[in-house]
1. Just need the relative contact order of the stretch 107-260 here, percent rounded to a whole number, with Cα pairs under 8 Å and 6+ apart.
2. Once you place label points 7 Å from the Cα toward the Cβ at M38 and D221, how far apart are they in nm?
3. Which shape class, rounded, prolate or oblate, goes with the stretch 26-100 when its Cα gyration tensor gives a ≥ b ≥ c as root eigenvalues, a/c under 1.5 marks rounded, and past that a/b bigger than b/c marks prolate?
4. Using all C-alpha to C-alpha distances in the chain, build P(r) with 10 Å bins and read off the rounded percent in each one.
5. Give me the aspartates and glutamates in straight-line cross-link reach of K131: C-alpha distance below 12 Å, same-chain residues under 8 apart excluded.
6. Please report Rg over Rh for the stretch 39-174, where both radii come from the alpha carbon positions and Rh follows the Kirkwood definition.
7. Over all distinct Cα pairs, what is the inverse of the mean 1/r for the stretch 129-249, reported as the Kirkwood hydrodynamic radius in Å?
8. Show that you can apply the helix-only estimate: for the chain, add -39,500 (n - 2.57) for every DSSP H stretch of four or more residues, divide by all residues, and state [θ] at 222 nm to the nearest 500.
Amino acid sequence: MDHQTIRQQMPFLVAGHVPSNSRSFQFNIFDGTPKENMLGFRIDPSPFEGKVIATTENAVVIKIGRTKFAVLDRTLITEVPVEGAKVEVTPYARRRFDGQRADTPEEIIEQTADGTPYTVKRMILGAAPAKLPVAPPECLELQQLIEQLEQMPAPDGHRRIAHMLVDAQARDFELVDPTPADIIRTPPTVSFTVETAKFSGRVSVIYLRADDAYAVELHRDDEQVERRDDIYFDMLGETLGDLIDDGTWRCIRVQTLQQPVRSKKALSSTT
């Protein structure tokens, strides 16, 4: 979406929808570009409701406040609503494997000096962790692989690899957690099942100690369909993205809550 064109069009698109005593208006553009707060941290927008006031070839404009508007990229929305409709908009938000938003505060159980448990909610500014749903392993190399999947960036730069796995509906995680003596015979491995338009099946990320690199295998119906070798830790995001990321996570979900009320004049003209 051309932001400069939208900025030039907005005064005309919102004309008649801004109170006469207001000298300015605000708008946010939702086109898949990550948002940042005043501190420079990447943030995930919350869902919002509003009324569709205009549609163009490239955008849908929604009034969400007295002088506030949202501009949606038409190529990303799941439904193109009619003008005048009340809609709910859910932009993309990074999520955890339990389905919660990744910026949801973490709950930690602490204990007082006398052993009484209490719950603490913790949130780190700018953090959106997505911990793999696996038990902590003993193998150091496997620990490092899990940490890299949780911390290394996905190709889009906004998500971590773990967020990309959530968006790929990764489930049924399994670990191969060898002893140091068996690390060559049974390589440390994280495997999981994904389901995307690009690939549906089993994915295994394998650490090869002799090469000090990773291999990624894709299996479908117990048959290996692809394997990539010589993957270093900083290539994991790009490799997994190329194999399983179909891009549908970028979609902006739009749901019509109420159709526009047609005036009596409009109704009589159709009869």
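1. Values: 233 pairs, mean separation 24.3, N = 154.
Normalised by residue count, the contact order of the stretch 107-260 is 16 percent.
2. Going from the M38 label point to the D221 one covers 5.8 nm.
3. Values: a/c = 1.85, a/b = 1.50, b/c = 1.23.
It is prolate, given that a/c is not under 1.5 and a/b is the larger ratio.
4. Answer for the chain: a P(r) of 6, 23, 25, 20, 14, 8, 3, 1, 0 percent.
5. Reachable aspartates and glutamates: D98, E106, E147, E150.
6. Numbers: Rg = 19.9 Å, Rh = 18.1 Å.
Value, to two decimals: 1.10.
7. Details: mean 1/r = 0.0698 Å⁻¹.
This gives a value of 14.3 Å.
8. Numbers: 5 runs with 45 residues, N = 271.
When only DSSP H runs of four or more count, the value is -4500 deg cm²/dmol.
Computed from the coordinates by the stated procedures, all read-outs in this text should not be read as laboratory data. What you see is a predicted model; the values in this text were computed from it and never measured. With ideal geometry, Cβ positions are generated from the backbone for all residues, glycine too; neighbour counts draw on all protein chains shown.
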